[in-house]
Every structure is written in structure tokens, then in C-alpha cells.
Amino acid sequence: YRVTPETVKQEAKKEQQEAQTQQPAKETGATAQAPQQPDKSKYVIDPDKVDWEALKNFGLSKEQLEKAKALEPMLRGYKSPGAFTIAGNYNSAIMKLDARLSFRHDKDGNVVLAIHGIRQKPELERPFFGHEFSKEDKANLLETGNMGRIVNLKNYITGEMIPSFVSVDKVTNELVSMRASSVQIPDEIKGVKLNKEQKEALQEGKGVFLENMISNRKNPFSATVQVNADKKSLE
């Protein structure tokens, strides 16, 4: 089990309700409810392949992740919604930091824990996978958290140039990228149908102001919608 830093919106918090099934009690003849096993097909990470015992080396536990409602998004390939305090002793050096967490597969297919430490500010003065941030890029990232356009980022292992969106993790200030090809723009957002120009603008990473959207509580609202690489979706 290894710790690897991730080199590459906040996903909306979702609670999974475990289905329950009726099973007969062995002695009384009464019925008792037992939870079914979670549906692993929707997970990017197989929970059976996570070394839960090794999490204790960092002051963490499976139960702690469940209580914080972090386990579900982490198994689905996202970061934990909030930060955790990580503590450990490595070669006589004591490490303690606040970080968001995620599970990743290493090159051998093993599940590893990625630790996304909190930074004071985004590192915009250094090249990001070969991309030099322009003055406008920096302003957009600091103001909205999204760069607002697609740029080519270099995969230093394969040499491939990958069209990508870039955003700032608003919890850790980490720069995050996402392949532009992985985004599918819907025909409708919160009850508002998108026209061709709006869909094209969103696909290019631009922000689009939409009026009279309907919230989950059935209230109308207006807001700017844009692709967020950290949340891996529109926000």
C-alpha cells in the first residue's frame, strides 16, 4: 500500500440508501431486515481491493470516511468532499497536514491513497504540464476557479498533447485538469433548454449565464454555468 500525490467541484454530496431485504429469523419465525451488498458496478474503485487496515497508518479508518460521507464519492473516483487531518511517522519524521483524499490505481492496478494537501494559493507562476498561464488565465482561475478555455497539456510519460480543462480545487488550491473529450454537455440544465451557441460555449469551457433555472427545491434561480475540472462536471 503506497501513498502517491496526484499529478493530474466538489462533487455534489450524495447519500446512497442501502436497499434492505426481508429474511426470515431462524428461531422466532419473525422477519428481520438485512442490508444488501452495495452495487460495485457504479464504483471506479473496488472496495474489496482497498487496504483498509493500512489507512490506520495515517490516522484514518473506513468508518471515519463513511461518517464524513467521503467514502461513496472516493469509491466513485472523486476526491473526498472535505479535508481530513493526516498524521503519520515516516523514517523518524512526523508528518501532519490537512488534505482531501482520493483513491487511485497505480500502474500495476493496485489501489493507492492520493493525498491532496492544502496550499496557500494556486501555483500559477509555474508551467502546468507544459502550459504557461496567461494573464487572463490567472485572473479567471483566481476569480471563478475555472480557466474558461481548453488548452493542450502534455502527458510527460507518453508525450501526448491532451486538450484539457483546468480548474482550481477550492478546498486545497490544487490545480486540476480534465480531458475535454470526457465532458458531455446536456440539452437541458435545471429546466432550461440550451441553444446551439450555449452548448458550444460550454463545450469550449466558457461560462454561460442561464436564467430561470429550477432548483431541487422547485425555486427559480439564475447563475453562470461552466465546466469545472475538479468536480468533473458542470457547476
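The values are calculated or read from the model by the stated rules, or taken from the named source; none is laboratory data. Predicted, not measured: the structure shown is a model, and the values here were computed from it. Quick reminder, even Gly has a Cβ in these numbers, built from the backbone with ideal geometry, and neighbours come from all protein chains shown.
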How do the pairs read when you match residues in region 135-148 that are at positive phi with residues anywhere that are among the hydroxyl-bearing types (Ser, Thr, Tyr) and at pLDDT 95 or above, using Cβ under 9 Å and keeping only pairs 6 or more apart or on different chains? GLY145/SER167
Got at least one residue in region 145-152 being modelled with pLDDT under 95 and not hydrophobic (A, V, I, L, M, F, W, C)? no
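Just to be sure, is GLU132 buried (at least 17 other Cβ atoms within 10 Å of the Cβ), within 30 Å of LEU97 (Cβ to Cβ) and out of contact with any helix residue (DSSP H, G or I) (no Cβ under 6 Å at 6 or more places or on another chain)? Please lay out each step first, then the result.
On the way: buried (at least 17 other Cβ atoms within 10 Å of the Cβ): no; within 30 Å of LEU97 (Cβ to Cβ): yes; out of contact with any helix residue (DSSP H, G or I) (no Cβ under 6 Å at 6 or more places or on another chain): yes.
Judged against the criteria, GLU132 is not a match.
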Taking only pairs six or more apart or across chains, which ones have beta-carbon atoms under 8 Å, a first residue in region 161-185 that is at positive phi, and a second residue that is surrounded by fewer than 19 Cβ atoms within 10 Å (Cβ to Cβ) and part of a loop (DSSP other than H, G, I, E, B)? ASN173/ILE118; ASN173/ARG119; ASN173/GLN120; ASN173/LYS121
Could you check, for region 35-43, whether at least one of its residues is modelled with pLDDT of 90 or more and either within 24 Å of GLU174 (Cβ to Cβ) or in a helix (DSSP H, G or I) (or both)? no
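I need the full set of residues from region 94-134 which are assigned to a loop (DSSP other than H, G, I, E, B), of a type in the set (Phe, Trp, Tyr) and at negative phi, in order please.
Filtering region 94-134 down to residues assigned to a loop (DSSP other than H, G, I, E, B) leaves 106-110, 118-127, 129-130, 132-134.
Those left that are additionally of a type in the set (Phe, Trp, Tyr): 129, 133.
Matches in region 94-134: PHE133 only.
Just for region 52-77: of the residues that are in a helix (DSSP H, G or I) and among the hydrophobic types (A, V, I, L, M, F, W, C), which one is nearest to the chain's Cα centre (by Cα)? Lay out the reasoning, then the answer.
As a first pass, look at region 52-77 and keep what is in a helix (DSSP H, G or I): 52-58, 62-67, 71-75.
Keeping just the survivors that are among the hydrophobic types (A, V, I, L, M, F, W, C) gives 52, 54-55, 58, 65, 71, 74-75.
Numbers: TRP52: 20, ALA54: 22, LEU55: 20, PHE58: 21, LEU65: 15, LEU71: 12, MET74: 8, LEU75: 10 Å.
By that ranking, first place goes to MET74.
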When (1) surrounded by 12 or more Cβ atoms within 10 Å (Cβ to Cβ); (2) at pLDDT 95 or above; (3) among the polar types (S, T, N, Q) are applied to ASN195, the one that fails is (1)
Within region 135-156, which residues are under 16 Å from LYS231 (Cβ atoms), aliphatic (A, V, I, L, M) and either out of contact with any helix residue (DSSP H, G or I) (no Cβ under 6 Å at 6 or more places or on another chain) or in a helix (DSSP H, G or I) (or both)? LEU141
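So for region 42-60 (the condition being of a type in the set (Val, Ile, Thr), exposed (fewer than 15 other Cβ atoms within 10 Å of the Cβ) and either within 14 Å of PHE103 (Cα to Cα) or outside the structural domain of VAL176 (by TED's automatic domain parsing) (or both)), does at least one residue qualify?
Step one: of region 42-60, the residues of a type in the set (Val, Ile, Thr) are 44-45, 50.
Going one step further and asking which of them are exposed (fewer than 15 other Cβ atoms within 10 Å of the Cβ), we end up with 44.
Cutting the leftovers down to either within 14 Å of PHE103 (Cα to Cα) or outside the structural domain of VAL176 (by TED's automatic domain parsing) (or both) gives us 44.
Checked region 42-60: at least one residue is of a type in the set (Val, Ile, Thr), exposed (fewer than 15 other Cβ atoms within 10 Å of the Cβ) and either within 14 Å of PHE103 (Cα to Cα) or outside the structural domain of VAL176 (by TED's automatic domain parsing) (or both).
Quick one: which of PRO5, PRO73, PRO81, PRO24 is modelled with pLDDT under 85, closer than 24 Å to ASN173 by Cβ, touching a strand residue (DSSP E or B) at 6+ places or on another chain (Cβ under 9 Å) and outside the structural domain of ASN216 (by TED's automatic domain parsing)? Spell out the reasoning first.
On the way: PRO73 fails: modelled with pLDDT under 85; PRO81 fails: modelled with pLDDT under 85; PRO24 fails: closer than 24 Å to ASN173 by Cβ.
The conditions single out PRO5.
Filter the strands (runs of 3 or more DSSP E) completely within region 157-235 down to those with at least 3 residues that are more than 21 Å from the chain's Cα centre (by Cα). Let's see the steps before the verdict.
On the way: elements: 161-168, 175-179, 208-214, 220-225.
Because the criterion is at least 3 residues that are more than 21 Å from the chain's Cα centre (by Cα), the strands (runs of 3 or more DSSP E) in region 157-235 that meet it are 208-214, 220-225.
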